[in-house]
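Peer 1: Handing you this structure, nothing more for now.
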Amino acid sequence: MPVKKEKEPLIMHPRPSSIVAALYTLRDLDTDVVILHGPPGCSFKHARLLEEDGMRVVTTSLDETGFVFGGHDALVEVLEKVIERFNPRRIGIVGTCASMIIGEELHEAVTQVQPDVPVIEVDVHAGYRDNTKGVVMALESALASGIISEAEFERQKALLKEATLVEKRHGAASKEYLEPNRGDLKYKVAERLLELIKQGKKGLNILNAKKETAFMFADINLAVAQVAQKLGYGSNIVNMVNLDDNVGLPKNRRNAREIKDDLKEKGFEIHHIIGGLDEYPVAGNTADKIIGEKYSDYDFAVISGVPHALPMNNIKNMELFSVTNGPRQVIPLKEMGHTHVVVEIDLHPKTLGVSHIVESEFGATLREMVKDA
Amino acid sequence: MPKQIAIYGKGGIGKSSTASNVAAACADEGYRVTIIGCDPKSDSSITLLQGRRIPTIMDLMREGIDIKEEDIVFKGYKGVKCLEIGGPEPGIGCAGRGIIVAISLLKKISRAIEDTDLVIYDVPGDIVCGGFVAPVKKGLVNEAYVLTSGEYMPLYAANNICKGLSRLEMTLNGVICNSRGALNEEKIVSEFAKEVGSQLLAFIPKDVLVQTCERDGYSVIEKAPDSQIAAVYRKLAKSIMGKREGKIPVPLDDSRLRELTRI
């Protein structure tokens with residue numbers, strides 16, 4: 001008997017797109033140019049941002065005529081132009097809703113043009129419930145072209161499954177509608193955090209950030225360590241970071257190394273590595289285990305990045321300070337029991353195209369408040 | 001790899017009748033056969049299933065079923081595996097996208113298109129959009145056949161299909177004439193086949209027996225196995241299963257097509 005799938009509950013607020021997810025994945029795979037096969041405005045904002053990271057994004061600019069008559073010729077033309085103009089070593093072609101609905105075959109253009117560099121084709125549109133689908137599809141194609149290993153593919157797939165679950169449990173996919181919220185006032189939260197530090201309370205300082213967003217989230221952990229040091233309580237703080245540079249796609253390893261080097265140079269001591277930059281959905285479990293073994297009696301914890309991926313088991317009695325970049329993450333975090341939630345608005349764009357830690361507002365606030373101490 | 005064929009032709013010309021009779025004839029010969037109806041009307045396999053309608057892939061998708069192979073593959077006459085893609089209600093949504101989604105699903109979950117000797121795609125008469133050529137574009141079809149009568153309009157459609165095939169760089173492996181009783185019909189279709197670079201594989205005479213059997217939910221192979229018309233289908237089936245090279249067709253211009261029907 002046919003088995004009915006459980007009906008997924010409706011989610012009304014806009015959520016990340018699988019087309020964009022495919023684009024970011026191609027960047028992580030060190031793709032030089034990506035052709036978006038579709039209308040000129042599709043994924044514009046992220047296409048633009050990714051150029052800051054050195055990956056070029058171009059579009060076949062399908063219009064009404066293209067929708068009706070097909071976009072094969074346009075794709076061939078753009079592919080040829082891309083090869084001539086940019087001389088790329090690796091090309092990506094990414095579908096859009098429009099081109100996929102009308103049945104465009106990305107591969108036909110590749111067969112016709114026959115580029116002598118690898119082309120990663122991703123037949124993706126944005127009609128998937130979980131944007132991680134776009135990542136999986138890009139990785140599948142990379143696997144098929146021999147760019148990543150089977151083992152890395154399986155590793156990534158398992159992580160993405162976890163990431164999807166994290167969002168379902170306490171993230172953007174956890175409710176029918178999530179109201180955006182700017183979080184608590186930064187100076188008030190900073191005041192309370194400094195108060196605890198000055199009282200000699202013991203604190204955990206955890207970075208669990210997704211990929212390049214760590215360039216700014218790390219600044220918060222750095223600031224916490226710095227102000228504690230300045231106030232004479234540096235030894236009360238334990239630092240845990242997901243900056244393992246031996247795992248993940250090339251860019252993620254590179255970024256982990258860069259952030260680690262910066263932290264070291266600024267005198268930040270890493271007590272525990274809890275995973276790599278792409279392991280944010282599971283690194284929280286590693287942190288949880290370490291906390292259970294060694295630090296369950298600590299008084300407070302600062303968690304930056306993806307705080308909702310950290311299980312509450314061993315931290316539920318601590319005063320929690322979490323820093324996120326998602327205005328829709330505030331309410332779920334509060335509901336989990338995080339006392340203070342700070343939002344670093346527009347964090348992601350500022351972490352593209354950088355190779356050093358970027359100053360955060362909350363970090364700057366903390367530093368400012370102990371300036372004269 | 002199994003032989004994977006698609007039968008094209010003007011709507012109403014008899015593609016489904018031909019497909020199901022060829023499928024039944026091949027099954028009689030001991031071949032493992034799969035028939036996939038790609039028309040939203042979902043009527044390709046009905047005469048192999050004693051008139052029974054089977055749930056289509058699109059029906060199950062609409063109901064939110066987690067589709068498994070056993071939900072969509074149904075055994076018909078002599079074990080012929082029958083699948084229907086189906087589609088949205090007429091005038092709603094996008095049937096072309098439906099075919100694309102169904103073909104991707106088939107590639108993923110179905111062994112019926114691999115562990116078999118012959119797969120027949122019964123495609124809709126009019127290739128109105130990109131989705132309708134998905135079986136060809138996704139590499140699931142390696143031989144194409146065109147069905148036509150000797151009348152001008154069906155030939156016009158057949159010629160158009162040749163245009164499409166040549167654009168897709170798909171070979172044409174034979175032309176089949178389903179007679180409507182036009183004057184000089186066999187000669188006209190035979191000449192058409194030759195001029196587009198192919199050959200006439202079979203001339204199927206008009207026989208009321210086909211309709212009578214269909215009305216009762218059977219192919220002539222099953223219901224009237226000793227009839228003359230059954231023998232014609234058997235011969236065609238043999239011819240399709242025999243090895244033959246196809247050629248990318250060269251469509252005719254319209255004036256030549258008109259001239260041809262005046263022979």
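The values are calculated or read from the model by the stated rules, or taken from the named source; none is laboratory data. Since the model is a prediction, treat every value here as computed from it, not as a measurement. Neighbour counts run over all protein chains shown; Cβ positions are idealised from the backbone, glycine included. Heavy atoms of the whole protein, side chains included, go into the accessibility calculation; ligands, DNA and RNA do not. Shrake-Rupley method; radii C 1.70, N 1.55, O 1.52, S 1.80 Å.
Residue-wise test of (1) away from chain B (no Cβ under 14 Å); (2) acidic (Asp, Glu); (3) open to solvent by 60 Å² or more (accessible area, probe 1.4 Å).
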{"position": "A:6", "(1), (2), (3)": "no, yes, yes"}
{"position": "A:9", "(1), (2), (3)": "no, no, yes"}
{"position": "A:12", "(1), (2), (3)": "yes, no, yes"}
{"position": "A:16", "(1), (2), (3)": "yes, no, yes"}
{"position": "A:21", "(1), (2), (3)": "yes, no, no"}
{"position": "A:26", "(1), (2), (3)": "yes, no, no"}
{"position": "A:39", "(1), (2), (3)": "yes, no, no"}
{"position": "A:42", "(1), (2), (3)": "yes, no, no"}
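Peer 1: Continuing with the same structure: For residue A:103, indicate whether it is of a type in the set (Gly, Ala, Ser), assigned by TED's automatic domain parsing to the domain that holds residue A:26, without any contact (Cβ under 8 Å) to a residue 40 or more places away in the chain and surrounded by fewer than 22 Cβ atoms within 10 Å (Cβ to Cβ).
Peer 2: Spelling it out, residue A:103 is indeed of a type in the set (Gly, Ala, Ser), assigned by TED's automatic domain parsing to the domain that holds residue A:26, without any contact (Cβ under 8 Å) to a residue 40 or more places away in the chain and surrounded by fewer than 22 Cβ atoms within 10 Å (Cβ to Cβ).
Peer 1: How many of the residues making up the stretch B:31-66 are open to solvent by less than 60 Å² (accessible area, probe 1.4 Å) and either in contact (Cβ under 8 Å) with a residue 24 or more places away in the chain or not β-branched (Val, Ile, Thr) (or both)?
Peer 2: So the count comes out to 25.
Peer 1: Just the residues that are of a type in the set (Gly, Ala, Ser), within 14 Å of chain B (Cβ to nearest Cβ) and buried (at least 22 other Cβ atoms within 10 Å of the Cβ), please, taken from the stretch A:75-100.
Peer 2: Matches in the stretch A:75-100: A:95, A:99.
Peer 1: Let me ask something additional. Looking at the stretch A:65-88, is at least one residue of a type in the set (Ser, Thr, Tyr) and modelled with pLDDT of 95 or more?
Peer 2: Checked against the condition, which is being of a type in the set (Ser, Thr, Tyr) and modelled with pLDDT of 95 or more, the stretch A:65-88 yields no hits at all.
Peer 1: For the stretch B:112-126, state whether one or more residues are among the aliphatic types (A, V, I, L, M) and free of Cβ contacts under 8 Å to residues at least 40 places away in the same chain.
Peer 2: Scanning the stretch B:112-126 turns up no residue that is among the aliphatic types (A, V, I, L, M) and free of Cβ contacts under 8 Å to residues at least 40 places away in the same chain.
Peer 1: Taking the stretch B:170-203 only, how many residues are under 23 Å from residue B:245 (Cβ atoms) and under 19 Å from the mean Cα position of the chain (by Cα)?
Peer 2: Summing the residues that are under 23 Å from residue B:245 (Cβ atoms) and under 19 Å from the mean Cα position of the chain (by Cα) in the stretch B:170-203 gives 16.
Peer 1: Which residues, taken from the stretch A:328-353, are assigned to a loop (DSSP other than H, G, I, E, B), surrounded by fewer than 16 Cβ atoms within 10 Å (Cβ to Cβ) and within 15 Å of the chain's Cα centre (by Cα)?
Peer 2: A:345, A:346, A:353, listed by residue number.
Peer 1: While we're on this one: Using the structure shown, decide if residue B:109 is in contact with a helix residue (DSSP H, G or I) (Cβ under 8 Å, 6 or more places away or on another chain) and more than 26 Å from residue B:256 (Cβ to Cβ).
Peer 2: Criteria met by residue B:109.
Peer 1: What do you reckon, is residue B:84 of a type outside the set (Gly, Ala, Ser), within 19 Å of the chain's Cα centre (by Cα) and either within 14 Å of chain A (Cβ to nearest Cβ) or surrounded by 20 or more Cβ atoms within 10 Å (Cβ to Cβ) (or both)?
Peer 2: yes
Peer 1: Hey, can you tell me all the residues within the stretch A:63-80 that are part of a helix (DSSP H, G or I) and either touching a residue at least 12 places away in the same chain (Cβ under 8 Å) or within 23 Å of residue A:33 (Cα to Cα) (or both)?
Peer 2: Within the stretch A:63-80, A:66, A:67, A:72, A:73, A:74, A:75, A:76, A:77, A:78, A:79, A:80 qualify.
Peer 1: Run residue B:77 past the list (1) at negative phi; (2) away from chain A (no Cβ under 14 Å); (3) without any contact (Cβ under 8 Å) to a residue 24 or more places away in the chain and report the number of the one that doesn't hold.
Peer 2: So the condition that residue B:77 fails would be (3).
Peer 1: What is the one condition in (1) open to solvent by less than 40 Å² (accessible area, probe 1.4 Å); (2) assigned to a loop (DSSP other than H, G, I, E, B) that residue B:25 does not satisfy?
Peer 2: Failing condition for residue B:25: (2).
Peer 1: Considering each of A:190, A:109, A:142 in turn, give the residue that is assigned by TED's automatic domain parsing to the domain that holds residue A:363, modelled with pLDDT of 95 or more, assigned to a helix (DSSP H, G or I) and touching a Leu at 6+ places or on another chain (Cβ under 6 Å).
Peer 2: Being assigned by TED's automatic domain parsing to the domain that holds residue A:363, modelled with pLDDT of 95 or more, assigned to a helix (DSSP H, G or I) and touching a Leu at 6+ places or on another chain (Cβ under 6 Å) holds for just one of A:190, A:109, A:142, which is A:190.
Peer 1: Looking at residue A:154 and the list (1) within 14 Å of chain B (Cβ to nearest Cβ); (2) open to solvent by 50 Å² or more (accessible area, probe 1.4 Å), which single condition is not satisfied?
Peer 2: For residue A:154, the failing item is (1).
Peer 1: Give B:30, B:37, B:64, B:11 a once-over and let me know the one that is away from chain A (no Cβ under 14 Å) and at positive phi.
Peer 2: Just one listed residue meets the conditions, B:30.
Peer 1: Can you name every residue in the stretch A:301-326 that is touching a residue at least 60 places away in the same chain (Cβ under 8 Å), over 15 Å from the mean Cα position of the chain (by Cα) and either surrounded by 22 or more Cβ atoms within 10 Å (Cβ to Cβ) or more than 19 Å from residue A:192 (Cα to Cα) (or both)?
Peer 2: A:301, A:302, A:303, A:310, A:315, A:318, A:321 - these are the residues of the stretch A:301-326 that are touching a residue at least 60 places away in the same chain (Cβ under 8 Å), over 15 Å from the mean Cα position of the chain (by Cα) and either surrounded by 22 or more Cβ atoms within 10 Å (Cβ to Cβ) or more than 19 Å from residue A:192 (Cα to Cα) (or both).
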